[in-house]
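Colleague: Below are the structure tokens for one structure; questions will follow.
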Amino acid sequence: MFIREVGLSGTVQTLAMSVAVNIIYTIAVLVATLSLDRFGRRAYILVSWAAATVLTLALAFVDEGNVVLMFALITLSTIPIQIMAVALFPMSVEPFPTLYRATAQGLSSASGKIGGFIASLVFPVALAGLGWTSLSIALAVLMAAGLVVGLLLKFPDPRGAELRHEGTASTG
């Protein structure tokens, strides 16, 4: 139904749209990866988080019948999340000594998958109970609270340091 509402029909057009969105994600991730050490992980995380929060809040004010704008905002809001993941993924292991990094990375990946699973169960129920506008506002408020926590937490910025030197302070 959604595909027809945005003017696409058929498998080829649907696949083309999916490829286009993933090309955009790939370009965003490549740019973020190549410039991560220049700007710092914390800056990338906070700016990306703020952008995703604003775009999620904007979704609350889109009429549910305006499928094209809704799709565009959802796609746009996921780009900063993709960029944020580029910075968060290494940050999940850098504070740990080399010996424990693989375990930390595994736990980080597993927790992300569990969160995605829980979200896929909760989102339809929340959407049915709250409606699009209230759910979008609730998600934006939750994201804003996370942004505040991110501003308050002060993780060391390993900008320019080699990974093998990170986490060695905790081993003494």
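Colleague: Taking the conditions exactly as written (surrounded by 12 or more Cβ atoms within 10 Å (Cβ to Cβ), more than 23 Å from Ala60 (Cα to Cα) and out of contact with any Pro (no Cβ under 6 Å at 6 or more places or on another chain)), does Ser109 satisfy them or not? So that I can check it myself, show each step before the final result.
Modeller: Numbers: surrounded by 12 or more Cβ atoms within 10 Å (Cβ to Cβ): yes; more than 23 Å from Ala60 (Cα to Cα): yes; out of contact with any Pro (no Cβ under 6 Å at 6 or more places or on another chain): yes.
Here the answer is yes, as Ser109 does meet what is asked.
Colleague: Shifting gears a bit: Looking at region 149-159, can you tell me whether even one residue there is surrounded by 14 or more Cβ atoms within 10 Å (Cβ to Cβ), modelled with pLDDT under 90 and assigned to a helix (DSSP H, G or I)?
Modeller: Checked region 149-159: at least one residue is surrounded by 14 or more Cβ atoms within 10 Å (Cβ to Cβ), modelled with pLDDT under 90 and assigned to a helix (DSSP H, G or I).
Colleague: Within region 60-69, restricting attention to residues that are β-branched (Val, Ile, Thr) and open to solvent by less than 30 Å² (accessible area, probe 1.4 Å), which residue is farthest from Met17 (Cα to Cα)? Don't jump to the end; show me each part of the working.
Modeller: Filtering region 60-69 down to residues β-branched (Val, Ile, Thr) leaves 62, 67-68.
Narrowing the set further to residues that are open to solvent by less than 30 Å² (accessible area, probe 1.4 Å) leaves 62, 67.
Working: Val62: 21, Val67: 15 Å.
If we take residues in region 60-69 being β-branched (Val, Ile, Thr) and open to solvent by less than 30 Å² (accessible area, probe 1.4 Å), then Val62 is farthest from Met17 (Cα to Cα).
Colleague: What are the residue pairs meeting all of these: first residue in region 124-145, first residue loosely packed, with under 14 Cβ neighbours inside 10 Å, second residue outside any helix (DSSP H, G or I), Cβ atoms under 8 Å, and 6 or more apart or on different chains?
Modeller: Correct list of pairs: Ser134/Ala60.
Matching residues to (1) surrounded by fewer than 13 Cβ atoms within 10 Å (Cβ to Cβ); (2) modelled with pLDDT of 85 or more; (3) in a helix (DSSP H, G or I):
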{"position": "Arg4", "(1), (2), (3)": "yes, no, yes"}
{"position": "Gly7", "(1), (2), (3)": "yes, no, no"}
{"position": "Arg38", "(1), (2), (3)": "yes, no, yes"}
{"position": "Ala52", "(1), (2), (3)": "no, yes, yes"}
{"position": "Ala58", "(1), (2), (3)": "no, yes, yes"}
{"position": "Phe71", "(1), (2), (3)": "no, no, yes"}
{"position": "Ile79", "(1), (2), (3)": "no, yes, yes"}
{"position": "Ala85", "(1), (2), (3)": "no, no, yes"}
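Colleague: Return yes when Ser120 is open to solvent by less than 40 Å² (accessible area, probe 1.4 Å) and either modelled with pLDDT of 85 or more or closer than 18 Å to Thr33 by Cβ (or both) and no when it is not. So that I can check it myself, show each step before the final result.
Modeller: Values: open to solvent by less than 40 Å² (accessible area, probe 1.4 Å): no; either modelled with pLDDT of 85 or more or closer than 18 Å to Thr33 by Cβ (or both): yes.
Answer is no for this residue.
Colleague: For region 87-101, what are the residues that are farther than 20 Å from Ala32 by Cα and in a helix (DSSP H, G or I)? If you could, list the steps in order and put the result at the bottom.
Modeller: Taking region 87-101 first, the residues farther than 20 Å from Ala32 by Cα are 95-101.
The answer is Thr98, Leu99, Tyr100, Arg101.
Colleague: Let me ask something additional. Applying the selection to region 60-69, what residues are in a helix (DSSP H, G or I) and either basic (Lys, Arg) or at pLDDT below 85 (or both)?
Modeller: Going residue by residue through region 60-69, those that are in a helix (DSSP H, G or I) are 67-69.
Once the filter is applied, which keeps residues that are in a helix (DSSP H, G or I) and either basic (Lys, Arg) or at pLDDT below 85 (or both), region 60-69 yields Val67, Val68.
Colleague: Please specify each residue of region 123-133 satisfying the condition of being in contact with a helix residue (DSSP H, G or I) (Cβ under 9 Å, 6 or more places away or on another chain) and either farther than 14 Å from Ala58 by Cβ or polar (S, T, N, Q) (or both). Break it down stepwise before answering.
Modeller: Filtering region 123-133 for residues in contact with a helix residue (DSSP H, G or I) (Cβ under 9 Å, 6 or more places away or on another chain) gives 123, 126-127, 129-130, 132-133.
Matches in region 123-133: Phe123, Ala126, Leu127, Gly129, Leu130, Thr133.
The values are calculated or read from the model by the stated rules, or taken from the named source; none is laboratory data. In this text the structure is predicted, and so the values were computed from the model without any measurement. Positions of Cβ are generated from backbone atoms using ideal geometry, with glycine treated the same way; all protein chains shown enter the neighbour counts. For the accessible areas, the whole protein counts, side chains as well, though only heavy atoms, and no ligand, DNA or RNA atoms are used. Shrake-Rupley method; radii C 1.70, N 1.55, O 1.52, S 1.80 Å.
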